[in-house]
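Working notes for the structure below.
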Amino acid sequence: RGTINWKEINKRATELMERFHLNIDVTRPLSNYSTAVQQMVSIARAVDIQAKVLILDEPTSSLSDNEIENLFNIIRNLQKENITFIYISHRMEEIQEIGDTASVLRDGQYIATRPAKELTMEEIIYIVENDIEEDEVLAWEDYTLDASEFGFEMPNLMAWHRGCPRTSQEVFDN
């Protein structure tokens, strides 16, 4: 039977929080802290267990401007450590600021993928609000994702690509 070394656990947790510029008492319940702090702690936990992909769904919806900037700085630093973010947002200016690649979905359907910096607000609004014909979608398909750069597999992923469902293996092989 082992025992829990709370002193060591709290020391490691404090060091991890310092890495994320969080000056919090790690022995207090997380519910005592703001949404921004809770989000940063969640990201720190994921990094601590060596996660390579983090999914952030509308992470700035309840953050102040300063908290958003802090989040973006952390994301940028972690990207330099080869941590990938899937960042889901309706705030297009955030996608353009923090994203490398943007995929547009409408009503749950894949529409297009482009480098985030190349998408204008007008293009985004157009493809989200209009029924695009297949040839228009194909015109947007000039960006190819190379899965090898990510170093992980998603064998059961289904993707809509050029109008037909395919597995991730088929998408990445072509």
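Across the stretch 1-103, the relative contact order, built from alpha-carbon pairs under 8 Å that are at least six residues apart, equals 23 percent. Sorted largest first by accessible area at a 1.4 angstrom probe radius, with every protein chain in place, the residues D57, D107 fall in the order D107, D57. If you take all other residues with their beta carbon under 12 Å from the beta carbon of S89, and give Lys and Arg +1 and Asp and Glu -1, the sum is -4. Spin-label pair D57-Q79: with each label point 7 Å from Cα along the Cα-Cβ axis, the two points sit 2.3 nm from one another.
Computed over Cα pairs, the Kirkwood radius of the stretch 55-134 leads via Stokes-Einstein (1.567 mPa s, 4 °C) to a diffusion coefficient of 95 µm² per second.
Shape analysis of the stretch 1-53 places it in the oblate category; the axes a ≥ b ≥ c from the Cα gyration tensor give an a/c of at least 1.5, with a/b not above b/c. Cα centroid distance between the stretch 83-119 and the stretch 11-75, in Å? Taking the Cα centre of each part, the stretch 83-119 and the stretch 11-75 sit 22 Å apart.
In this view, the solvent-accessible surface of T120, computed with a 1.4 Å probe and all protein chains in place, comes to about 60 Å².
Among 29-37, 95-103, the peptide with the highest mean count of other Cβ atoms within 10 Å heads the list, and the full ranking is 95-103, 29-37. 3J(HN,Hα) couplings calculated from phi for the stretch 34-49 with the Karplus curve 6.51 cos²θ - 1.76 cosθ + 1.60 (θ = phi - 60°) are, in sequence order, 5, 4, 4, 5, 4, 5, 5, 5, 4, 5, 4, 4, 4, 5, 4, 8 Hz; Gly and Pro show x. Residue-wise HN-Hα couplings along the stretch 71-85, as the Karplus relation 6.51 cos²θ - 1.76 cosθ + 1.60 with θ = phi - 60° gives them from phi, are 4, 4, 4, 5, 4, 4, 5, 6, 4, 5, 9, 6, 9, 9, 10 Hz; Gly and Pro carry x.
The values are calculated or read from the model by the stated rules, or taken from the named source; none is laboratory data. Not measured: the values here are computed from a predicted model. Every residue, glycine among them, receives a Cβ derived from its backbone with ideal geometry; neighbour counts consider all protein chains shown. Note: accessible area is taken over every heavy atom of the protein model, side chains too, but ligands, DNA and RNA are not part of it. Shrake-Rupley method; radii C 1.70, N 1.55, O 1.52, S 1.80 Å.
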